[in-house]
Every structure is written in structure tokens, then in C-alpha cells.
């Protein structure tokens, strides 16, 4: 079942982290079936249809992902080391979900101009100024639109490099 002629080598290092664009994710969807064949399952979440994998040769960790915007097809992406228990508590955030969220929110921000009014945001405890077109500040307006399904919710899951940078303490 091993697809390489030399079973002491793997090609994990040749699969870079995904860039958050449609072409990179579509390409990875096509490559993931072959990649998955040589990995071992470490943990699964059958409700979400995702799993954590490990390469038996180099030890690299991979997570599967699925996103509605890509016909719910499975793709694999590299993730940092994690125990199965930690992963089951909180999976890694999926690159396709981050890409879709960023695209929708970028479009929303380019179409919606927020100008602060003289009134305070109506959210209790918020000291920001409300927008001239509503009763909430930008942040709380977005939360309200997310709550009623007019904007997507922030993707769930554990962030990891290279998709964010930790700030020094």
C-alpha cells in the first residue's frame, strides 16, 4: 500500500502549508487521496467528518478538512504536534473555512462604510461610538449580523502558524 519505492522516505516536506486561496485548496483536494493512503489515523470526529493523521515515517501531523464551498470534499493540511485528547477538545481551524470567511468579510467591509456617530454603542459596557447607520459600533454590528445569519461566524478551531503569529509576551 506504500506508494513510494523506498519505504524509509516520505514526501510530507514537499507539501507546504496551504495558502488561503481557492487554487491551492483545490489542488490539495486532488492530492489528498494519495497522501491519506500512507498516513495513519490518530483521532477522528465522525460528526464533523474530520480526522487527525500522522506520518509513520517522519511523524508529521495532518488534519483533514471539508468545506461546503468545495463540495465538502476532503483535503489534508499540515498541523503542529498535538495529543489526540487535545485535538478532540479543539480541532485545528480549517484553511478553507478561513479563506471563505476572509473573502466574505472583506467584501462586507468594502461595501459598508462605518462612520462614528456621537452616540455610544448600545451594547452594555461598550464605550465605542455607534455607527451613523445604526445603534452599534462596528464590532457589535458584525456580531449582531453574525447572530442572525447575515454574516458568517468566525471559523471555529485552534489557530496555528503560519495562519497567525504569536505576539511576544
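Throughout, read-outs are computed from the coordinates displayed, never taken from laboratory work. Given the structure is predicted, the values throughout are model-derived calculations rather than measurements. Every residue, glycine as well, gets a Cβ built from its backbone with ideal geometry; the counts of neighbours run over all protein chains shown.
Shape class for the stretch 12-97: oblate, because the ratio a/c of the largest to smallest gyration tensor axis (alpha-carbon atoms, square roots of eigenvalues) is 1.5 or more and b/c is at least a/b.
Mind checking which of 63, 94, 141 has the largest fluctuation in a GNM of the chain, springs on alpha carbons under 10 Å? For the chain, modelled as a Gaussian network with Cα springs under 10 Å, the answer is 141. Which one, 121, 12, 55, has the greatest fluctuation when you compute a Gaussian network model over the chain with C-alpha springs under 10 angstrom? Sorting by GNM fluctuation, first place goes to 121. Largest mean-square fluctuation among 17, 91, 140, in a Gaussian network model of the chain whose springs join Cα atoms under 10 Å apart, belongs to 140. At an R0 of 22 angstrom, the distance between the Cβ atoms of residue 58 and residue 85 translates into a FRET efficiency of 0.45. Each part gets one Cα centre, and for the stretch 99-145 versus the stretch 33-70 those centres are 37 Å apart. Ellipsoid fit via the Cα gyration tensor, the stretch 114-158: semi-axes of 22, 11, 8 Å, each the root of five times an eigenvalue, largest first. Between residue 26 and residue 106, the contour length at 0.36 nm per residue exceeds the alpha carbon distance by 26.7 nm. In the chain, the DSSP-assigned H stretches of four residues or longer account for a calculated mean residue ellipticity at 222 nm of -9000 deg cm²/dmol, using -39500 (n - 2.57) per stretch and the full residue count as denominator.
If you wrap the tightest convex hull around every Cα atom of the chain and split its volume per residue, you get 166 Å³.
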